[in-house]
Amino acid sequence: MKIERVISWFDKHTEELKGEFGLDEVSPESLKAILILQRTIL
């Protein structure tokens, strides 16, 4: 069994998966940039 922490984001209108990152693979700086970008898109 494998447990992963994953962040996913979806299109607000179609609910289609737009992207996904494993949190263990993303640096804190990159995660911050992703979340800021997500706020500007939504």
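The values are calculated or read from the model by the stated rules, or taken from the named source; none is laboratory data. All values reported here derive from a predicted model rather than from experimental measurement. All Cβ positions, glycine included, derive from the backbone under ideal geometry; neighbour counts span all protein chains shown.
In this structure, Arg5 does satisfy being within 11 Å of the chain's Cα centre (by Cα) and basic (Lys, Arg). Restricting the stretch 9-34 to residues that are among the aliphatic types (A, V, I, L, M) and modelled with pLDDT of 80 or more, the residue that is surrounded by the most Cβ atoms within 10 Å (Cβ to Cβ) is Ala33. Just one of the listed residues (Lys12, Lys18) is in contact with a helix residue (DSSP H, G or I) (Cβ under 9 Å, 6 or more places away or on another chain) and free of Cβ contacts under 8 Å to residues at least 24 places away in the same chain, namely Lys18.
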